[in-house]
1. What list of ³J(HN,Hα) couplings, whole Hz, do you get for the range 298-308 from phi and the Karplus terms 6.51, -1.76, 1.60, once you set θ to phi - 60° and write x for glycine and proline?
2. Just the Cα atoms of the range 43-182: what Rg and Dmax do they give in Å?
3. Starting at the first residue of the range 102-114, write each ³J(HN,Hα) from the Karplus equation 6.51 cos²θ - 1.76 cosθ + 1.60 with θ = phi - 60°, in whole Hz, x for Gly and Pro.
4. In terms of the Cα gyration tensor, with a ≥ b ≥ c the square roots of its eigenvalues, is the range 146-207 rounded because a/c is under 1.5, prolate because a/b exceeds b/c, or oblate?
5. Calculate, in nm to one decimal, what THR105 and ASP254 gain on full extension: separation in residues at 0.36 nm each, minus their alpha carbon distance.
6. Please give the FRET efficiency for LEU30 paired with ASP280, using the beta carbon to beta carbon distance and R0 = 22 Å, rounded to the nearest 0.05.
7. Among LYS97/LYS172; LYS100/LYS283; LYS146/LYS196; LYS146/LYS172; LYS100/LYS272; LYS126/LYS200, which pairs are too far apart, with a Cα-Cα distance over 24 Å?
8. To the nearest 0.05, what FRET efficiency results for LEU93 and MET115 with a Förster distance of 51 Å applied to their C-beta separation?
Amino acid sequence: MAYTYPAPPATVTQGGTAVETHQFLRTPTLISRRLQTLLAQKYIADFLLPARFQAVGGAILYETGESIFPDDDPEAIAPLGDYPKTVMSAGELAAAKTVKWGRDTEVSDESIARMQMNPVERALTKLANGNVRYVDSVALGVIASKLTQTYTGSGWTSAEAIIDDVLGAKAKVEEDNVGEGFDLSVVVLKPTQYAKVMAKLIVDGLLPREAANPLNSGQFPNYLGLTWTTTTHSPVSDPLLVDNMQLGGMADEDLQSPGYTRSRGGVGVEVKSIRDDDIDGWKLRARRVTVPVVLEGRAGVRITGTGV
C-alpha cells in the first residue's frame, strides 16, 4: 500500500440521537472505521518507514546492512556452459521489542444524552491525535539515532544554499554507498524550518508565488525529485534526508485480544469500547502495538549547520 503525507482533514459528523450513539459504541466495526478515518495516512512514521512487518511473540528479528547486490559480478557464459554460483551474504542480525502504546478515556451517559455524538467524536479525535504524536516521536527518535551519516551545510540563507546543501548531501551519501543503490528523496523538516525553506524558495523564484505554491495549497511539494515534508514530532533540530524505500518499516503485533478491532489501511491501531454500568458511561480505548525498525542506517543523513 502506498502512503501519502499529509492527509486531508477528516470529516466530522455531529448528528445522531443518543440511542444511535449508544448503538455506535456497541458496534466495534463502526468505531474502528471512524478511527481509521481519523488516522488514515496521518502517521509520518508509516510514510518514512513504509515496509510492513509482523512481529510475533513480542519481538521481531531482522537483518541490517544487507547489500542489495550479490558478492560476485556476472560472468560471460559460453554456449551450453554452466553458470557460476555466488553467495548472498546476509546482514547483521538485530532484534526489536514491540511496545503497547495506548490510552483510555471515558464518555458519560449524560454527555451523550445532551450532545449526542459530539463527546464521542472529540474523544476519538484526541485518542487518535495522541497516538499519532507519540508513535511518530518514537519512530523519528529511532530514525535519528540510527542514521550514521552527517553532512555539514553552508547555512540556508538563500534558495541556492538550500538546494546546494540538499543535493550535495544526497549526492555524497549515494556516492559513498554506490553499491547500495540508495535514492535519498524525502526531506524532513520541523514546521518552522519548512516555513522558512518554502518562503526562501518562493521569494527567490524557484516555486510559484500564486495558488500553486505549497504555502497556499497546503500540499507538500515534489521539487527536484524530492518530497519536502514537515512534522512537529522530530526530536532533532537538523533537517533529515532519507531514502524511505530502503530505510525500514513498522512492525505491528496482533495480540488477538477479545473485543478489539483493528483499523484497516496498515496503521495497526486497535480500538475497543467498554460499557461500564458502575459509572453509567463508556470507556473508549485506542492502542497500537508496534516498534519502528530501521533496516539501513546509511539510507539517510542529517544535514547540520543550516541555521534554520
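Throughout, read-outs are computed from the coordinates displayed, never taken from laboratory work. In this text the structure is predicted, and so the values were computed from the model without any measurement. So basically every Cβ, Gly included, is an ideal-geometry build from the backbone, and we count neighbours across all protein chains shown.
1. With coefficients 6.51, -1.76 and 1.60, one gets 8, 8, x, 8, 9, 9, 9, x, 7, x, 9 Hz.
2. 24.5, 84
3. Going residue by residue, I get x, 7, 9, 8, 10, 10, 7, 4, 4, 5, 5, 5, 8 Hz, with x marking Gly and Pro.
4. Note, shape of the range 146-207 comes out prolate.
5. Between THR105 and ASP254, full extension yields 51.4 nm more.
6. 0.55
7. Flagged as over cut-off: LYS97/LYS172; LYS146/LYS196; LYS126/LYS200.
8. Calculated value: 0.45.
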